[in-house]
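J.: Below are the structure tokens for one structure; questions will follow.
The values are calculated or read from the model by the stated rules, or taken from the named source; none is laboratory data. This one's a predicted model, so the numbers in the text were calculated from it and none came from an experiment. Here the Cβ is made from the backbone with ideal geometry for all residues, glycine too, and neighbour counts use every protein chain on show.
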């Protein structure tokens, strides 16, 4: 077999981990498979594009004003020449040289339409998020799985399926879950491949964490409108998460060092999810900047904009056999 895999990476100022990611890609043991790397960049001002050129990536640009997670992936998929599409975040790094082969093999076998791989916290990942990764991305595979949960930080899709079901470009996040729900409804299968693992690095200020969960909660209203979060639910989820993480930190003898971080992460996670679940509006260009490029907005300047989403974890909570 001499199949071509198209690896699509969405980037915006990803210089910190991009070189490590591309080095890991070029170190993959893929046998007789071939691959290309396509970078979909939305206006990076750091060394992202320089690094990409050094690794001979194909670079496709998207204007910041036109960006959405789904649209950037659709642009990358349209530019792809391969039969198999692989998506990986610009701040994820494969853990070993068999990541790519393991991720696409269920697609090649013909039994699965979409796969997603394991995610492990990196050295900058918050303590609570390490626990979330452990929960939603366990050490054992499930091929096929029973629900439509998936994540485009580390996933693969048949290009022929993408042509039938392109990513939703209107959503503020969770474009992967939206697609997953469509595929399952159409009788297709999703597979979780634990052997296709990546380190997922997150080093975000707190307002960015909150915005991330707000974005996802907005999108979740389109995917699962039946999910409602009351203020009482917010308090319950927050306190439960705080207690669970504190217990884990005590067991790992990290409580004093991590308690402040745990408090803030769970607060931002569930407050963002609560707000996102209760607000829905057409996004203005200014608000798109806030949601998709939050690092550029100072804390004080965004408080006037109320907006939101539920998190990957919260999303999962409402799904059988997955959720927190």
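J.: Evaluate the stretch 189-203: report whether one residue or more is assigned to a helix (DSSP H, G or I), more than 16 Å from residue 116 (Cβ to Cβ) and out of contact with any strand residue (DSSP E or B) (no Cβ under 8 Å at 6 or more places or on another chain). Talk me through it step by step, then tell me what you get.
T.: Here is the first cut: in the stretch 189-203, the ones assigned to a helix (DSSP H, G or I) are none.
Within the stretch 189-203 (the criterion being assigned to a helix (DSSP H, G or I), more than 16 Å from residue 116 (Cβ to Cβ) and out of contact with any strand residue (DSSP E or B) (no Cβ under 8 Å at 6 or more places or on another chain)), the answer is no, since none of the residues qualifies.
J.: Please pick out the residue among 81, 28, 23 that is more than 14 Å from residue 156 (Cα to Cα), over 19 Å from the mean Cα position of the chain (by Cα) and assigned to a helix (DSSP H, G or I).
T.: Of the residues listed, the single one that is more than 14 Å from residue 156 (Cα to Cα), over 19 Å from the mean Cα position of the chain (by Cα) and assigned to a helix (DSSP H, G or I) is 23.
J.: With the requirement that a residue be modelled with pLDDT under 95 and either crowded, with 19+ Cβ neighbours inside 10 Å or touching a strand residue (DSSP E or B) at 6+ places or on another chain (Cβ under 9 Å) (or both), what does the stretch 13-33 give you?
T.: Selection gives 30, 33.
J.: Residue 226 - would you say it is within 25 Å of residue 261 (Cα to Cα) and either in the same structural domain as residue 276 (by TED's automatic domain parsing) or buried (at least 19 other Cβ atoms within 10 Å of the Cβ) (or both)? Spell out how you get there, then give the answer.
T.: On the way: within 25 Å of residue 261 (Cα to Cα): no; either in the same structural domain as residue 276 (by TED's automatic domain parsing) or buried (at least 19 other Cβ atoms within 10 Å of the Cβ) (or both): yes.
Answer is no for this residue.
J.: Does the stretch 79-94 hold any residues that are under 22 Å from residue 190 (Cα atoms) and surrounded by fewer than 17 Cβ atoms within 10 Å (Cβ to Cβ), and which are they?
T.: 83
J.: Related question: May I ask you to verify whether residue 16 is assigned to a helix (DSSP H, G or I), farther than 20 Å from residue 101 by Cα and within 18 Å of the chain's Cα centre (by Cα)?
T.: yes
J.: Pick from the stretch 99-134 the residues that are in a loop (DSSP other than H, G, I, E, B) and either assigned by TED's automatic domain parsing to the domain that holds residue 257 or touching a helix residue (DSSP H, G or I) at 6+ places or on another chain (Cβ under 6 Å) (or both): which of them is surrounded by the most Cβ atoms within 10 Å (Cβ to Cβ)?
T.: Here is the first cut: in the stretch 99-134, the ones in a loop (DSSP other than H, G, I, E, B) are 109-113, 122-126.
The next check asks that each one be either assigned by TED's automatic domain parsing to the domain that holds residue 257 or touching a helix residue (DSSP H, G or I) at 6+ places or on another chain (Cβ under 6 Å) (or both); those that pass are 112-113, 126.
Values: 112: 24, 113: 26, 126: 23.
This residue is 113.
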